[in-house]
Amino acid sequence: MARYTEAKCRLCRREGIKLFLKGDRCSTEKCALERRQYAPGQHGQSRGKKSDYGISLREKQKVRRTYGILERQFRIVFAKAVAMKGITGANMLQLLERRLDNVIYRCGFAASRAEARQFVLHRHILVNGRMVNIPSYTVKAGQTVTVKETSKKHGSLSVRVESPSKEAPGWLDVDRKEMTAKVVALPAREDIDLPVQESLIVELYSK
C-alpha cells in the first residue's frame, strides 16, 4: 500500500499550520514550522498569490494529511458524506473523526494518529469486546473502545494514559484507569478543532 515516507514536518510547512503529525514534538521549539515558517523547497519563500483552485486544494490536502489518508480513501469518505443527510462538509469531517485510529488519538492513548494507527494494526484495540485491526473502522454512538487487557502494560500506551497531552472531546467518555472510551454521541462540527474551511473542499469536488 502506498504511504508517505518523507519528513512529516515538510507537510506542516507546506500547509502553513501545525498538523501535529509528530505528537509532542509539534508543541516544542523543535517544531520545524516554528523555525522555518515557509513552504519547503527551493522556491518556498517566494511563492506567489494562490488561485481559487489552489486555495481549495490546500484545504483538501490539509484535511487529508491531518488524518493520514490517501486520495482514494478521501474520495470514498467524501462520497459517503454526500449520500448522508445534512451538510456535506460537516458530514465529511464527522466521518473522519469517527475513524478508529482518530478515536484512539482523541482519547489520548497515542501521541499522534500515526501511532494510533500502529496500535490498531498491531491488534491492541477492541470495539465492544471484539478485536478490530482496521484503522479506518467507523465507530458508532454507543460503542465502547477498549485497550486489550494484555496490551495495557504496553510502554507507549501506559505513558500516554498517565500523562495525556490533551483532554478528550465531549463526544467521548474516557476512563483512563481502565483504558476505555465510550462514544456517547456523534461529533458535531463545533467538537472538531480543525482550522479548515470544509465548504471549499465541497466546492472543489463539485466542479
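Output the number of residues of the range 98-119 satisfying the condition of being over 16 Å from Ile192 (Cβ atoms), without any contact (Cβ under 8 Å) to a residue 40 or more places away in the chain and buried (at least 24 other Cβ atoms within 10 Å of the Cβ).
Final tally of qualifying residues: 2.
Go through (1) in contact with a helix residue (DSSP H, G or I) (Cβ under 9 Å, 6 or more places away or on another chain); (2) within 20 Å of Ile192 (Cβ to Cβ); (3) in contact (Cβ under 8 Å) with a residue 24 or more places away in the chain one by one and return the number of the condition Val127 breaks.
If we test Val127 against (1) in contact with a helix residue (DSSP H, G or I) (Cβ under 9 Å, 6 or more places away or on another chain); (2) within 20 Å of Ile192 (Cβ to Cβ); (3) in contact (Cβ under 8 Å) with a residue 24 or more places away in the chain, just (2) comes out false.
For Leu70, only one of the following conditions fails: (1) crowded, with 20+ Cβ neighbours inside 10 Å; (2) in contact (Cβ under 8 Å) with a residue 24 or more places away in the chain. What is its number?
Only one criterion is unmet by Leu70, namely (1).
Can you report the number of residues in the range 178-207 which are more than 25 Å from Tyr53 (Cα to Cα) and part of a loop (DSSP other than H, G, I, E, B)?
7
Within the range 130-157, restricting attention to residues that are free of Cβ contacts under 8 Å to residues at least 40 places away in the same chain and of a type in the set (Ser, Thr, Tyr), which residue is farthest from Ala168 (Cα to Cα)?
This residue is Thr150.
May I ask you to list the residues in the range 157-177 that are part of a helix (DSSP H, G or I) and either in contact with an Asp or Glu (Cβ under 7 Å, 6 or more places away or on another chain) or at pLDDT 65 or above (or both)?
Leu157
Find the helices (runs of 4 or more DSSP H) located wholly in the range 57-148 whose residues include 3 or more that are out of contact with any Asp or Glu (no Cβ under 8 Å at 6 or more places or on another chain) and among the basic types (Lys, Arg), and list them.
Here the list reads 71-83.
Working only within the range 194-207, note down all residues that are of a type outside the set (A, V, I, L, M, F, W, C) and either farther than 16 Å from Phe78 by Cβ or touching a residue at least 12 places away in the same chain (Cβ under 8 Å) (or both).
Residues satisfying the conditions are Pro195, Gln197, Glu198, Ser199, Glu203, Tyr205.
Have a look at Asp175, Asp191 and point out the one that is among the acidic types (Asp, Glu) and without any contact (Cβ under 8 Å) to a residue 12 or more places away in the chain.
After applying the criteria, what remains is Asp175.
Residues of the range 165-198 being of a type in the set (Gly, Ala, Ser) and crowded, with 16+ Cβ neighbours inside 10 Å, which ones?
Passing the criteria: Ala168, Ala181.
The values are calculated or read from the model by the stated rules, or taken from the named source; none is laboratory data. Since the model is a prediction, treat every value here as computed from it, not as a measurement. Virtual Cβ from ideal backbone geometry, glycine too; neighbours counted across all protein chains shown.
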